[in-house]
Structures are given as structure tokens and as C-alpha cells.
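The structure appears right after this line, and notes come after that.
The values are calculated or read from the model by the stated rules, or taken from the named source; none is laboratory data. Quantities reported herein were computed from a predicted structural model and do not represent experimental measurements. No Cβ is skipped: glycine too gets one built from the backbone with ideal geometry, and neighbour counts run over all protein chains shown.
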């Protein structure tokens, strides 16, 4: 496990004014109800509620209106969880190592070219996760358990994990919020002893994946929609909640809560945090920071589209 420890504890926990949100938590008007980002957020919240509380039974929940939301890639975990998952699937012959390298290269070109929004198009949504089309949900979930042990367990930031534990110890619930498939996100949350997870929801029928998403990848504004939807269902006061992320893409989520914390931030998020007075926690050394930067370029929600599009092309 990564050994970096957090600096002084955050104080206070989950108190303060909204970090920049202008919308009423959980309220979705008819004009946005068909927005794929809204649908993705609502689906993620519904999946999180359906999965139930996976937190430790011996930690009492005494502060039910406050909670913490943690991004996963480069915030809770070194690198991109979906990329580690894809590596594990490649090792199991779902596709070849050459395919994986090709997908990563395509993702890098998209990130550098500033065209990440391409994956929010209809084509991108429809091809995302197509590499599991027709496979049982139970099979992919079981593989996720194996791949977490093999490739992810040792990549958890000790400092960020300690921040999550701080909220649990205060009697608050803690959710992951990530672009990675919700089944994998829930595995990570359960292994870390957290409450649950909001993740990308893949459509399934009769226990089999269709290869399509509900809405779109849980990324950017979709994460904020998910947090707001969950707040309504769980009775949370977002002004008392805290969100953590490394990426400027998560500014909508960070702005939706009372306390925003930039963890291992990219340069753009660091600048915004400075402007808005958000707290910053960085658990990286110089060498690891450079490595994380590369993983960030290969990760997040868009790589799911890159991997899936590559698989679809390979089948054709």
C-alpha cells in the first residue's frame, strides 16, 4: 500500500457554505430530465441505494445529514481503476495486450487533443463497455474481485484512505464517486470499508450486459447530478458534506457541497482551489506525481470508451 500519510486533519468536517453550487440539491427540471448526464447521475444514485450500506457494522452512524464523497482515480487510488481493470481482463484473454496498448494510445491522443467530450456522443455512449456485452453481470463482478486483489489493493493512497476513515469515525457515511463501472466501484468501496459507491451504470437484461450505458459515463457534471440525487434519497444536507478529487473535471461535484478538498490535484484544479479557498492535500512525491500525471492522461471515464470502442472495432 502507498505509505504517504495525511498532514493535519481536516477541520471542521463537512461544515460551511456550498462551494459554488447554484442549483437546489436533487431538483431536476423537465428541460434537463432527458440529459444523459442527469440520467447517468440518477442511475448511479439508484444503484448505490439498491446496493445498500457496505460500511463496517461496528462504526455507528451518528451524523446522518453529513457525508463525504471521494473520487477514485488518482484521488483514492494511484492511476485509473478502469485501466487496471482492463489490464486484468487482458490477462484473462478478454483482449490482447496489443489491444490494450492501442486503446491507451488512442486515449492519450484524445486527452492531449482536448477532445474528451467525444465520448459523450451517442456513438461513444453506445460503444462504452461493449466488450462485456452478453456476459453475465455476476461473472464480471467476480472478476472485479480478483482484479482488485491483483492490481488495485496496493495502489490505495494511505493518506486519502485516512481522510475517509476520519469521516467514518465522525459517524458520517462515505461514498466513492467514479466513472468506473458501478460493480467495480462497489467492490473498491466494500474492500475499503466505505458506505458505498456511485459509478457508471451499464445496462443489463436478465443478468446479462447489453453493452450500453444508462445515460452516459459518470464523469464531470454527471457526478454532481449523482451526488445531488443521492442527497435527496438519503436525507443529506449538502452544505454539511465534503467532496474530494484530483481533477478539474470534478469541479461540478466539488462545487455541489459545503467543503471541497483538492487531493493530489492537477494544475488546473490547484489553481481553482487557490482562487476559491478550497483545501489541498497532496500525498505524492515528485516521482509519483509525474507517474500519476501519465496515469491521469490514460484514465478516468474516457478510457472506458476507448477500451470498448477498440473491442467493438476488433470484433468487426
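For the reader, a short list of remarks on this structure follows.
- Taking the criterion of being surrounded by fewer than 24 Cβ atoms within 10 Å (Cβ to Cβ) and either in contact with a strand residue (DSSP E or B) (Cβ under 6 Å, 6 or more places away or on another chain) or in contact (Cβ under 8 Å) with a residue 40 or more places away in the chain (or both), the residues of the range 203-214 that qualify are 203, 204, 207, 208, 209, 210, 211, 212, 214.
- Filter pass, residue 211 being under 14 Å from residue 178 (Cβ atoms) and in contact with a helix residue (DSSP H, G or I) (Cβ under 6 Å, 6 or more places away or on another chain): no
- Count of the range 199-216 residues which are in a loop (DSSP other than H, G, I, E, B) and modelled with pLDDT of 90 or more: 3
- The set of residues in the range 54-73 that are at pLDDT below 95 and either outside any loop (DSSP other than H, G, I, E, B) or surrounded by 23 or more Cβ atoms within 10 Å (Cβ to Cβ) (or both) contains only 73.
- Residue within the range 18-27 that is surrounded by fewer than 12 Cβ atoms within 10 Å (Cβ to Cβ), at pLDDT below 90 and in contact with a helix residue (DSSP H, G or I) (Cβ under 7 Å, 6 or more places away or on another chain) present: no
- Residues of the range 153-201 satisfying the condition of being buried (at least 19 other Cβ atoms within 10 Å of the Cβ) and farther than 25 Å from residue 280 by Cβ: 181, 182, 183, 184, 186, 187, 196, 199, 200, 201
- Test result for residue 141, in contact with a helix residue (DSSP H, G or I) (Cβ under 7 Å, 6 or more places away or on another chain) and either assigned to a helix (DSSP H, G or I) or farther than 18 Å from residue 243 by Cα (or both): yes
- Qualifying residue in the range 86-99 (condition: more than 21 Å from residue 139 (Cβ to Cβ) and either at pLDDT below 85 or buried (at least 18 other Cβ atoms within 10 Å of the Cβ) (or both)): yes
- All strands (runs of 3 or more DSSP E) inside the range 222-316 with 1 or more residues being surrounded by fewer than 17 Cβ atoms within 10 Å (Cβ to Cβ) and modelled with pLDDT of 95 or more: 279-281
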